[in-house]
Structures are given as C-alpha cells and as structure tokens.
Amino acid sequence: MPDPQIAHRPRFTHNARLRPVRYVALLLGLGLLLSTGVAGLATPGREAQAASAPPPVWVAYADTHHPPAGGNFPSPWYGSPHTTFMSTTTNDWDSGAVKIDNTTGADMTGVHVSVTIGSAVYDFWGSNLTIPAGNSLIVAQTDDVNANMDTSDYEPNPYSAYQASGVYPFSDCHPPSSAIPTIHVTIGSTTYTYFDTGKIINRAGSDWAHCVGGDEAAGWVAVSTSSGGTPTSTPTPTRTPTSMPTGTPTPTSVAATATPTSTPMPGTSTPTPTATPTAQTGGPRTDLALGFAEASQQPGAWSVTSPYQLAVNWSGSTGSRPVAIVDAPVSVSHGTIVTGPTVTNAATQSASGGSFLLLEGSGLTVHGTTPAAHVSGQTGGTSRSIAIPSGMQAGDLVAVYIDTANTMAPPSGWTLQHHDGQGSVWTQTFTSVPSSLGTWSTTGQSGWTYTAIAVGGTGSTVVDGVGGGGSQNSSAVHTGSATATLP
C-alpha cells in the first residue's frame, strides 16, 4: 500500500471495507512496453502453435514504491533478454506479477492470462497473446497512477490505511486473508490453473508494507497445482475479457481462517522474531540457514527464537558494532522461499542490518567460528589477517561477516554474497584447511568488526539462496528471506 511520505500518487478512494480491485487497462498504451517483440505477433520463420503441456509458471511481487529495497526484487524483469514484458515501465511498481516460460521450441499463441484472488479478478493483458519460442512473458500492473495490481493491498486482504506513526491496529493485519491466488493460463482452447499456495502474489494475505514493514518485493517462485503435481488442464471457460471499460466492481471479502507464521505482532514497526524457518513450499532436502545481524555502536548481547541458535554473539564495545550469526536447518525444494529469523539486540539501536544465506549440502553442520574482533580505524586505512574458525575442516564453506562503513578489499577467492546496511557477507570453499583466511584491508578510516563461520558436511557445500533485510533502524534485526535456487 502506498504511503504518503514516500510518494504522492492519487489512488481511488477507499472506505473501511470496500476497495476497487479491477481497473481498465490501456494495453499497448502509454508506458506499456514489450522489451522483446510485441505480444500477439508470431515471430517470422518459426511455426506458431499452442502448448501441448502446461508451461512453467512463476509468481512474484515487484516493489520499487517502498524503499529501501530488501534485495528480493524479481529477476528477470523489464529489460531482461528473451522477455516479453506487459506492464508499466516508469519504475514505480507495486504489483503482483506472473511469468510464463515458453520452452516448446515454437511460438506459443492464443495466450490469455488472468489472476483470481477470492472474488477479485485481474484480467487486463489481452486474450490472444503470443510468447516467442525460448522467451518468457511477464505480466504485472498496467497503471502506475492507480497501481491496479497492488495485490497486497486490495481485498480480500484486510484493509490498512496509512498511519504516519508507523503503528497499525491489530485489525489491519489480523486475521490475514486465507485466499489462495489462482493463475489461469489459457493457450489456444485449453486453460491450465495454477495455485499460489505460498501466497506470494498477495503477500501472505495482508498489507506487507504495513504488517511486516517496508519493501514488499519477492522473487520468482514456481507454482503448480495445490497438490504440488503437474498442473491439470480444464476446458476453457466462457468469459468476458475485461479489456473494455466495465466500471469498478467491488468484490466481497473472504473470511480468513489461517495466520501465516511470518505475520508480525500489531502495534510494532519491526517484525516479530520468527519461531521457525518459514518455508513457503515444502521440499525434499534440508538446507542450513544462516542469519547475520549487525547494529549500531551500542554494546548489547543478542537473542534469537528457537530453532535458530546463536553461533556468534558479539556484544561489541564502545566504538565497535555488535554482530551475530545464527543457524538452523530448514526443509526446502527448488523455488522455496525461506523467511529468516529476527535477531534482537538487548540495547537500543538506531542503525542495523541483516543478511540471510541458504546453504545446500549433505549433513551440514557448523564446525566452528572465528571469535568476533574489532579493528580500530586510522587515517590511511587498516588491514588484518583473519584467523580460521575453530574446528574448520577440509571442504568447508567459510562465511566472513564484516561490519563497517568502509569498502573492504578481500584476499583472492572470496565472493561477496550480500551487503546489508554496514554488514557484508563473503564466502569461499576450501579444499584444505588454510593457515588463515587471508589479509583483509581497507583504505577507509573507520573501524571494522569481523567474524567468520565454517560449515561442512559429507560432501560439497554450496550457496543455495541469498537475501537480506536491508538497512534498518531497530534493535530487532530482520534478516530477510531467500529463495532456494538449486534443483
């Protein structure tokens, strides 16, 4: 939901329960562009045909309207190669989104996409589109002024009016809508129905910007039937396309019966610590989730809710920022979004940040850590050789966490995974145990705090997903979420 202090854009008038959810879209009008080709036109030189099997379909949420970004914006997006893009292009997105991949080897014709959430229907991209062979079609909002696919805001999600205080009533977020978004993809004369069981498009059934806070973006997640199998086809239903003006119907709200575990407590501007790793789809393997947190220069110990446990709990000292690393196993499959924990510092903090990693491997466990330490700043910069984590073994993946306003220069072989305010996570896998993690340096004059953690199992350890909570201003540090990317 747009907030007045972020951007003043007109929206249709809401009342306490009635809100418009369907708007007229001017397809191919001003600001509606296709990044590769024009939908509805077959590509010359290739035979056009409808798909004989359900195509891969993905859902996401795009948000550039609620800064700062949390690192979860969907990719590919506008301007990406091999992408047909049907949405506005003015970089003010606050929209659910659907992506359809054409993997058939021929142009996919007669494509019609619609989204249903409760009694709300989003159907304004046309009914005879073409997806060129090897391309993806992305559909999202077609109206910046009215944000006509702001699916985190509109019914059946609970209505939440902007509050300048940043504190929202319990009723704004509870109970969240239980409605499961459905995506209908018609190809020729066959319609496939997909179920967004993770409620990515409607952001877990409540106004995410108010109930969780800030950036609503979520990366692409694969969807299928509710049972998790191959989507089933049904005869194409008789429908009236909504590409012509039809007024502004108001749907009947749907009663909610379930509460997502990621819903924050009311009356707070920061998320409630997550009791368990929140996987939005099930999965056949176990990843190890690592959360990283840093805070401003107020000494204070850290805490986290089970099943996460503190591997590093550095309370800092005057002039050095406290840092923490937490870990827990989590069940995932390809496309699973895992919401990381909230790590809370005991002191009042005015600046903080969090990052989140998913690590994949067999029997992963934390082998050890490098005790956190602070390097005092000085003119001309500083450097320090970082000791290896205690208990490190050959084959371990090591993550170094550095908290500083400086730009760091790592030794060779390190990969920057995420930057979260003033905290940076770097990783490297070692085939043998080194004498040290190398000499890290900076030309900045500020001090820096560092720590490291070693993780390993019975085989190789790789990074499966990366995310973060971005820059924050609270003692309760949200570590963000990550999508499992490996098969």
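Miscellaneous remarks
- Pairs of Cα atoms nearer than 8 Å and 6+ residues apart set the relative contact order; for the range 291-389 it is 31 percent.
- Modelled spin-label separation between residue 460 and residue 433, with each label point placed 7 Å from Cα along the Cα-to-Cβ direction: 2.3 nm.
- Counting beta carbons within 10 Å around each of 360, 294 and listing the fewest first gives the order 360, 294.
- Here each label is just a point 7 Å from Cα along the line to Cβ, and for residue 446 and residue 119 those points are 5.3 nm apart.
- Counting only Cα atoms, the range 410-467 measures 42, 30, 17 Å along its principal axes, largest extent leading.
- The Rg/Rh ratio for the range 377-434, using Cα coordinates for both the radius of gyration and the Kirkwood hydrodynamic radius, is 0.99.
- One Cα centroid belongs to the range 180-211, the other to the range 349-366; the line between them spans 29 Å.
- Cut-off 11 Å (backbone N to label point 7 Å along Cα→Cβ of residue 301), residues of the range 343-377: 346
- Taking 7 Å steps out from each Cα toward its Cβ at residue 362 and residue 82 produces label points 3.2 nm apart.
- Once the C-beta distance of residue 383 and residue 90 is scaled by a Förster radius of 51 Å, the resulting FRET efficiency is 0.70 to the nearest 0.05.
- Net charge contributed by nearby residues that have their C-beta within less than 14 Å of residue 447 (K/R +1, D/E -1): 0
- As a rough guide to protection, the peptides 150-159, 392-401 ranked by mean Cβ packing within 10 Å, highest first, stand as 150-159, 392-401.
Every number here is computed from the coordinates shown, using simple stated rules; none is lab data. Because the structure is a prediction, the values reported are computed rather than measured. No Cβ is skipped: glycine too gets one built from the backbone with ideal geometry, and neighbour counts run over all protein chains shown.
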